[in-house]
1. With respect to the numbered conditions (1) among the hydroxyl-bearing types (Ser, Thr, Tyr); (2) closer than 26 Å to residue B:253 by Cα; (3) surrounded by fewer than 22 Cβ atoms within 10 Å (Cβ to Cβ), which one is the sole condition not fulfilled by residue B:91?
2. Could you list all residues from the stretch B:138-153 that are in contact (Cβ under 8 Å) with a residue 40 or more places away in the chain and surrounded by fewer than 14 Cβ atoms within 10 Å (Cβ to Cβ)?
3. Could you say whether any residue in the stretch B:340-359 is of a type outside the set (D, E, K, R) and within 20 Å of residue B:235 (Cα to Cα)?
4. Looking at the stretch B:272-324, which of its residues are within 12 Å of chain A (Cβ to nearest Cβ) and in contact with a Cys (Cβ under 8 Å, 6 or more places away or on another chain)?
5. Hand me the list of strands (runs of 3 or more DSSP E) wholly inside the stretch B:161-259 holding 2 or more residues that are touching a residue at least 24 places away in the same chain (Cβ under 8 Å) and within 30 Å of residue B:329 (Cβ to Cβ).
6. Against the conditions (1) within 14 Å of chain A (Cβ to nearest Cβ); (2) surrounded by 16 or more Cβ atoms within 10 Å (Cβ to Cβ); (3) more than 23 Å from residue B:183 (Cα to Cα), where does residue B:33 fall short? Just the number, please.
7. Against the definition (within 14 Å of another protein chain (Cβ to nearest Cβ) and surrounded by fewer than 22 Cβ atoms within 10 Å (Cβ to Cβ)), how does residue A:48 come out, yes or no?
8. Quickly run through the stretch A:4-26 and pick out the residues that are more than 11 Å from the chain's Cα centre (by Cα) and either acidic (Asp, Glu) or surrounded by 19 or more Cβ atoms within 10 Å (Cβ to Cβ) (or both).
Amino acid sequence: MLKYTEDHEWLKQDGDEIVVGITAHASEQLGDVVFIELPEVGREVEAGEEIVVIESVKAASDIVAPVAGVITAVNEALPDAPGAVNEDPMAAWFFRIKPASVDLSGFMDEAGYQALVG
Amino acid sequence: MAEFRRTTLYDLHLARGAKMVPFAGWEMPVQYPMGVLNEHLHTRSHAGLFDVSHMGQVILRGPGAAEALEGLVPADITGLAEGRQRYGLFTNAEGGILDDLMIANKGDHLLLVVNAACAEQDIAHLRQLEAQGILVEPVTDRGLLALQGPEAEAVLARLVPGAQAMKFMDVAEFDWQGVTLWVSRSGYTGEDGFEISVPEDRVVAFAEALLAEPEVAPIGLGARDSLRLEAGMPLYGHDMDARTLPGEAGLGWSIPKVRRTGGAREGGFPGADVILDELAAGPARSRMGLRPEGRAPIREGVGIFDAAEGGAGLGKVCSGGFGPSVGGPVAMAVLPAGLAPGATLWAELRGKRIPVTITPLPFHKPSYKR
């Protein structure tokens, strides 16, 4: 089941890792994405740390690590085709992160997120 | 929060799904559902319709209006033929730029189009010409549309037969369903196109008629900005302001020989001593194009350095972003004039120095019908 953060990320558990992307709402707000800088695989990050730079035609913004952990993989296709984030934000994952233990119970479910973005 | 003004097309923008943002005291569409990127590309390949009704339209009337305006604007206005338009600058006593504007000779009067953010100040500035018997009439009952792109001519000619005969920077009046359109063949996108002033009570109908043509899509300020940036056109308040000399801004070309040192109508405008000295000596700094390496946009305010580490700061980016037709980031900065195209400099972005190459402007070659 997908979970959501207040920073408009979607989180999908896959074994002991979490796959992270941004929501359709976030991609619409950003507008056409033209640049993405991903973190290095193997980097240890804190929860809330800004680890992805995402720039649209309008502005620059960041994507934060939803939890503390180690980056185990990044979507290497994205920097060459950043428009994928607008075309299909649920398919355009950014990175996989491995926390000490996966616990997504504190994040919003679909209904909770829809209530947030109205 | 301040009250924002709305153009007559406000409801049309909303009906077409525009995202509205504050701009120069107005609430304007920044983009429509098509998105900035596709709006930009649509304008370059078809035709885009822009609401530019926030811009100021001002009429100057009276014998000697052209001579009088030359006292504020270092351009050749008395030599401007009837039915023609020209670009110019309002300058201040320090030689800085108060605004940039279009000046059209319409026979018995001049029609000026000025930036929205400067309109009030420009009109107050123009009122000093009243002492010379010139009437200054702000046009408050007309909207202004820009139809831009390679298919603009075909579209406008369908609604307004005869418009296709106009050449770049021509101005003319046409009848459309009983109303008089003031048309100029110009714009600020680097594309062929027209700016069309329409009586307020018919501007929605005229805009709808244009939008009903298959080539035309509504385009917001987001794409307007990337289009003019690719075309190497400066935007007032970003690429020039009251402290920027015309030469620095890369606008020395708008000051013709006749107004320069040794010319028949030399000087006689605010800041002439400073401006003419700058033009004679060659500007110390000049607006240049930059192509950053990689895909990261280099935006306004980013510092430009002469070394990959340390080194000296040379200036700041005045306009920058992603160029959809170029397919990569593009930027402009005012930099020491000795720098030549092809030279590599470095932009400091998020603590990292990114190589940028000085590139001749424009990034995208205009396709005007001359």
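1. (3)
2. Going through the stretch B:138-153, the residues in contact (Cβ under 8 Å) with a residue 40 or more places away in the chain turn out to be B:138-139, B:141-153.
Passing the criteria: only B:141.
3. Within the stretch B:340-359 (the criterion being of a type outside the set (D, E, K, R) and within 20 Å of residue B:235 (Cα to Cα)), the answer is yes, since at least one residue qualifies.
4. If the condition is that a residue be within 12 Å of chain A (Cβ to nearest Cβ) and in contact with a Cys (Cβ under 8 Å, 6 or more places away or on another chain), then B:300 is the only one that fits.
5. Once the strands (runs of 3 or more DSSP E) in the stretch B:161-259 are filtered for at least 2 residues that are touching a residue at least 24 places away in the same chain (Cβ under 8 Å) and within 30 Å of residue B:329 (Cβ to Cβ), what remains is B:193-199, B:216-218.
6. Checking residue B:33 against (1) within 14 Å of chain A (Cβ to nearest Cβ); (2) surrounded by 16 or more Cβ atoms within 10 Å (Cβ to Cβ); (3) more than 23 Å from residue B:183 (Cα to Cα), the one that fails is (2).
7. Numbers: within 14 Å of another protein chain (Cβ to nearest Cβ): no; surrounded by fewer than 22 Cβ atoms within 10 Å (Cβ to Cβ): yes.
When the stated conditions are applied, residue A:48 does not pass them.
8. If the condition is that a residue be more than 11 Å from the chain's Cα centre (by Cα) and either acidic (Asp, Glu) or surrounded by 19 or more Cβ atoms within 10 Å (Cβ to Cβ) (or both), then A:6, A:14, A:16, A:17 are the ones that fit.
The values are calculated or read from the model by the stated rules, or taken from the named source; none is laboratory data. None of these values were measured; they are calculated from a predicted model. Glycine gets a Cβ as well: all are built from the backbone with ideal geometry, and neighbour counts include every protein chain shown.
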